[in-house]
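Reading through the structure tokens given below for one structure.
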Amino acid sequence: MVVLTFFRLIRLPILLLIAAIQYLMRWCILEPMFRLNGFEFIISESQFALLVLSSVLVAAGGYAINDYFDAKIDRINKPKRVLVNRLIKRRVAMATHVVLSSLGMLIAAYVSWRLGVWQLSVIYFFVSFCLWFYSTTFQHQFLVGNVIIALMAAFVPLTVGLYEIPLQNQANVDLIRQYGFSVFNTPAFWVIGYAVVLFILTLAREITKDVVDMKGDRVFGAKTIPITLGVTKSKWILSLVYAILGLVVTWYFLNFLVDHTGITPLFLLIVGAIVFQFILIFRAKTKKQFKISANFNNLITVLVLLSALLVRFSIENHFQ
């Protein structure tokens, strides 16, 4: 019971998803592109595993501190799911944040130092402090909290490229001079693409969750989008965000994957899911209906991540 409660506090399923995303970027995007051009990873498997562990620990610490500061609001918004002050003592939640976040930052700093790019450890310190200030200050402000969480989601895939690709550029300076450009721009572009899509999806989900949590947020003086602008205007904002998502996904497909026939069915499924999300948003009137929209956002996210597996398959079959 205690272990399960702790796993709920740190959001174990989401932590596993974070690890999965980073490994998908490494093995489904970077690895096939490197291998087809005769390159190997510079970051070893053990070093990469430590970086993934750092990401997971910092995220876990962020969830712990968020529950610590949200205990009162959660008693209104989700009374049956409140952990802090009900199943977990406040000091335990705070200690969990301090220990996990500190450990995550220290591991990242060690790996960065071993790789000779100690400056990149700033990413993990930046994320940790953003999660702290999100929970204490920005979470219930207009748009700011939504953008911060969306940025944190984008950093999950982006970090993989930020570590590996600069190291590849350093190790292949002569080749870059010969070509006049970096051959690693293409895999970097793909990693950035996934980061952008995750940013948009997370932004939409966070705005939807703000609609769901309006009751408790209003009591404590929050200035979220639905409280400030109303539910109707929030629906239009959500529709705009999903429209942008559809345009980004379509642009990537038409410019890079239209000839990779194996990925076309999944692309159509993702576009269809985005269209269906519009229907869910405009029909939503109750808290339960907005929760359905938020859960459907999770499904679209899973479909987008599954596309990485098909991208790897398409790259290998298209260019070999």
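Annotation note: Cβ proximity below 7 Å between a residue of segment 78-92 that is more than 13 Å from ASN66 (Cα to Cα) and touching a residue at least 12 places away in the same chain (Cβ under 8 Å) and a residue that is surrounded by fewer than 15 Cβ atoms within 10 Å (Cβ to Cβ) and of a type in the set (Ser, Thr, Tyr) (sequence gap 6+ or interchain) occurs for LEU87/THR5; ILE88/THR5. Going through (1) within 15 Å of GLY61 (Cβ to Cβ); (2) surrounded by fewer than 17 Cβ atoms within 10 Å (Cβ to Cβ) one by one, TRP132 falls short only on (2).
When you check ALA188 against the structure, is it under 20 Å from LEU15 (Cα atoms), of a type in the set (A, V, I, L, M), in contact with a helix residue (DSSP H, G or I) (Cβ under 7 Å, 6 or more places away or on another chain) and buried (at least 21 other Cβ atoms within 10 Å of the Cβ), yes or no? Answer is no for this residue.
For segment 266-304, the set of residues classified as among the small types (Gly, Ala, Ser) and either outside any helix (DSSP H, G or I) or touching an Asp or Glu at 6+ places or on another chain (Cβ under 7 Å) (or both) consists of ALA284 only. Just one of the listed residues (VAL196, VAL271, VAL241) is closer than 25 Å to LEU53 by Cα and modelled with pLDDT of 95 or more, and it is VAL196. Residue-level check: of (1) of a type in the set (A, V, I, L, M, F, W, C); (2) modelled with pLDDT of 95 or more; (3) out of contact with any Leu (no Cβ under 6 Å at 6 or more places or on another chain), TRP118 misses just (2). Which count do you get for residues in segment 79-109 that are under 25 Å from the mean Cα position of the chain (by Cα), not β-branched (Val, Ile, Thr) and not in a helix (DSSP H, G or I)? Qualifying residue count, segment 79-109: 1. The residue list ARG90, ARG75 contains one member that is within 23 Å of ALA222 (Cα to Cα), at pLDDT below 95 and out of contact with any helix residue (DSSP H, G or I) (no Cβ under 7 Å at 6 or more places or on another chain), which is ARG75.
Taking residues in segment 278-297 that are among the hydrophobic types (A, V, I, L, M, F, W, C), and partners anywhere that are not in a helix (DSSP H, G or I), the pairs with Cβ atoms closer than 7 Å and at least 6 places apart or on different chains are PHE290/ALA284. From the residues in segment 1-40 that are in a loop (DSSP other than H, G, I, E, B) and within 23 Å of the chain's Cα centre (by Cα), which one is surrounded by the fewest Cβ atoms within 10 Å (Cβ to Cβ)? Filtering first and then ranking leaves ARG11.
The helices (runs of 4 or more DSSP H) found wholly in segment 110-208 and carrying at least 2 residues that are of a type in the set (Phe, Trp, Tyr) occupy 122-133, 144-171. SER46 passes every criterion in (1) surrounded by fewer than 18 Cβ atoms within 10 Å (Cβ to Cβ); (2) of a type in the set (Gly, Ala, Ser); (3) in contact with a Phe, Trp or Tyr (Cβ under 8 Å, 6 or more places away or on another chain); (4) over 23 Å from LEU151 (Cβ atoms) apart from (3). Residue-level check: of (1) in contact with a Cys (Cβ under 8 Å, 6 or more places away or on another chain); (2) of a type in the set (A, V, I, L, M); (3) free of Cβ contacts under 8 Å to residues at least 12 places away in the same chain, ALA308 misses just (3). Does TYR252 fit the bill of being under 24 Å from LEU17 (Cβ atoms), among the hydroxyl-bearing types (Ser, Thr, Tyr) and under 18 Å from the mean Cα position of the chain (by Cα)? No, not satisfied. Residue count for segment 258-274 satisfying the condition of being surrounded by fewer than 13 Cβ atoms within 10 Å (Cβ to Cβ) and either farther than 30 Å from ASN317 by Cα or touching a Leu at 6+ places or on another chain (Cβ under 8 Å) (or both): 0.
Among the residues that make up segment 307-316, is at least one of them touching a Lys or Arg at 6+ places or on another chain (Cβ under 8 Å), over 19 Å from ILE18 (Cα atoms) and not charged (D, E, K, R)? The answer is no, given that none of the residues of segment 307-316 is touching a Lys or Arg at 6+ places or on another chain (Cβ under 8 Å), over 19 Å from ILE18 (Cα atoms) and not charged (D, E, K, R). With respect to being in contact with a His (Cβ under 8 Å, 6 or more places away or on another chain), part of a helix (DSSP H, G or I) and farther than 19 Å from ALA150 by Cβ, SER307 falls outside the description.
Take the residues in segment 117-128 that are free of Cβ contacts under 8 Å to residues at least 40 places away in the same chain and not aromatic (Phe, Trp, Tyr), then tell me which one is surrounded by the fewest Cβ atoms within 10 Å (Cβ to Cβ). Among those that are free of Cβ contacts under 8 Å to residues at least 40 places away in the same chain and not aromatic (Phe, Trp, Tyr), it is GLN119.
The values are calculated or read from the model by the stated rules, or taken from the named source; none is laboratory data. Keep in mind that this is a model prediction, so the values were computed, not measured. Positions of Cβ are backbone-derived with ideal geometry, glycine not excepted, and every protein chain shown enters the neighbour counts.
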